[in-house]
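The next block holds one structure in the form of structure tokens; read it before the comments.
The values are calculated or read from the model by the stated rules, or taken from the named source; none is laboratory data. Being a predicted model, the structure only gives us computed values, none of them experimental. Heads up, the Cβs are rebuilt from the backbone with ideal geometry, glycines too, and the neighbour counts pull from every protein chain shown. SASA here: full protein model, heavy atoms, side chains in, ligands and nucleic acids out. Shrake-Rupley method; radii C 1.70, N 1.55, O 1.52, S 1.80 Å.
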Amino acid sequence: MNDIPFLDLRSVNLAHQQALTAAFARVIDSGWFILGDEVDAFEREFAAYCGVRHCIGVGNGLEALQMVLRAWGIGPGDEVIVPSNTYIATWLAVSEVGASIVPVEPDLLSYNIDPQRLLAAITSRSKAIIPVHLYGRVADMADLAEIAKPRGIRILEDAAQAHGARYRGRRAGSLGDAAAFSFYPAKNLGALGDGGAVTTDDDALADSLRMLRNYGSREKYHNERRGMNSRLDELHAAFLRVKLPYLDRENAMRAATASVYTHELEGLTELELPTPCPDGDPCWHLYVVRHPRRDALRRRLAELGIHTMIHYPVAPHLQPAYVDRGGSPGLLPISERLHAEVLSLPMWPGMPADTVARVVDAVRQACASC
Ligand SMILES: *Cc1c(COP(=O)(O)O)cnc(C)c1O
């Protein structure tokens, strides 16, 4: 029997092959590759999808986060609160603008930033909070707003894993002062290369970002700010326009797979499954389980032909990139425990039912011998 990959990205994109090829031909034929009709149209379509006034297409998710912080004037001397258990890009965006990272531990049921701990981390220098909707489940935005609003602290959603996720009827991307998305190929809405976007209802912020992404220029060769070059390409915008209309359907396919996993894996000793989400619908970017002997479980699954991933194996504060912050083992124990125990099972839209069933059988078998 063939191995089961963690993610079959080839089949995900082949489902759109004809339309992607047509989009490619259309862009070549237009002779226009940077900031044109395709980006304009995608920005309108994605803003409408998220339920906000503005979408600004940028180079990638990291730069989307970074440019919002810059546009808000956040820099040296300021503090930005981030989850302790996130992909390192959330932290890198804060470092890039020269602000201080204040990591806050997650809630063990949602894996998202814990509002109570966050409250304790606030100081007079706190300027922004970056909640990450980890694995596609929206953070507790109502509690975060209650803490941030009266203190004048801004909320920047890291929605890089949350395309289409809902919270109390609203979409990720419309729940803070601004949101950053990534269109990295493996995300729920993925380009065929790098891409990103900011969504916001703030007209002034949108205006600043349109300058910042384009050398700080509104008018060609006139530079008001020291900007960057970070733009969503016409080609990727055209590809994303092909895939956006299918995002809800593809997220529903992921949710169906997640529900089979949860139903069929319930009750296995020592295996922790994702908990129900009372506040909305996750978009199931990842289906993450936990096990005290995660590495043994992962090895056993590999022997059975099931490929899995770890999101993420090393906590940001223990990465060599952040040694100068003085992060040592034991400093953020919840995060460290999660990084040692989490395991992501295979998940993609269109994953065949018999493939899901094989993963279920293998996890049952592996749990019995770990
Ligand atoms: C993917 C990701 C990013 C970075 O996006 P890129 O487009 O790869 O730069 C940021 N935050 C989180 C949580 C992510 O998963």
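Annotation note: Cβ proximity below 9 Å between a residue of the stretch 111-133 that is over 18 Å from N85 (Cβ atoms) and in contact (Cβ under 8 Å) with a residue 40 or more places away in the chain and a residue that is in a helix (DSSP H, G or I) and open to solvent by 80 Å² or more (accessible area, probe 1.4 Å) (sequence gap 6+ or interchain) occurs for I122/R151; S126/R151. Looking at R70, R117, just one residue is within 15 Å of A206 (Cβ to Cβ), among the basic types (K, R) and out of contact with any Phe, Trp or Tyr (no Cβ under 6 Å at 6 or more places or on another chain), and that residue is R70.
Let's see how each residue does on (1) open to solvent by less than 40 Å² (accessible area, probe 1.4 Å); (2) touching an Asp or Glu at 6+ places or on another chain (Cβ under 7 Å):
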position	(1), (2)
L209	yes, no
Y215	no, no
H222	no, no
V242	yes, no
M253	no, no
G280	yes, no
V288	yes, no
L297	yes, no
H307	no, yes
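Restricted to helices (runs of 4 or more DSSP H) entirely inside the stretch 1-77, those with at least 1 residues that are within 16 Å of the ligand (Cβ to nearest atom) and open to solvent by 70 Å² or more (accessible area, probe 1.4 Å) are 61-71. Within the stretch 334-356, is there a residue that is outside the structural domain of R137 (by TED's automatic domain parsing), of a type in the set (D, E) and without any contact (Cβ under 8 Å) to a residue 12 or more places away in the chain? For the stretch 334-356, residues outside the structural domain of R137 (by TED's automatic domain parsing), of a type in the set (D, E) and without any contact (Cβ under 8 Å) to a residue 12 or more places away in the chain: present.
Whether any residue in the stretch 101-119 is modelled with pLDDT of 95 or more, farther than 19 Å from I334 by Cα and either within 11 Å of the ligand (Cβ to nearest atom) or open to solvent by less than 20 Å² (accessible area, probe 1.4 Å) (or both) is what I want to check. Scanning the stretch 101-119 turns up no residue that is modelled with pLDDT of 95 or more, farther than 19 Å from I334 by Cα and either within 11 Å of the ligand (Cβ to nearest atom) or open to solvent by less than 20 Å² (accessible area, probe 1.4 Å) (or both).
Here's the yes/no breakdown for (1) under 27 Å from E341 (Cα atoms); (2) in the same structural domain as H291 (by TED's automatic domain parsing); (3) outside any loop (DSSP other than H, G, I, E, B); (4) not aromatic (F, W, Y):
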{"site": "L118", "(1), (2), (3), (4)": "yes, no, yes, yes"}
{"site": "T123", "(1), (2), (3), (4)": "no, no, no, yes"}
{"site": "A128", "(1), (2), (3), (4)": "no, no, yes, yes"}
{"site": "Y135", "(1), (2), (3), (4)": "yes, no, yes, no"}
{"site": "A142", "(1), (2), (3), (4)": "no, no, yes, yes"}
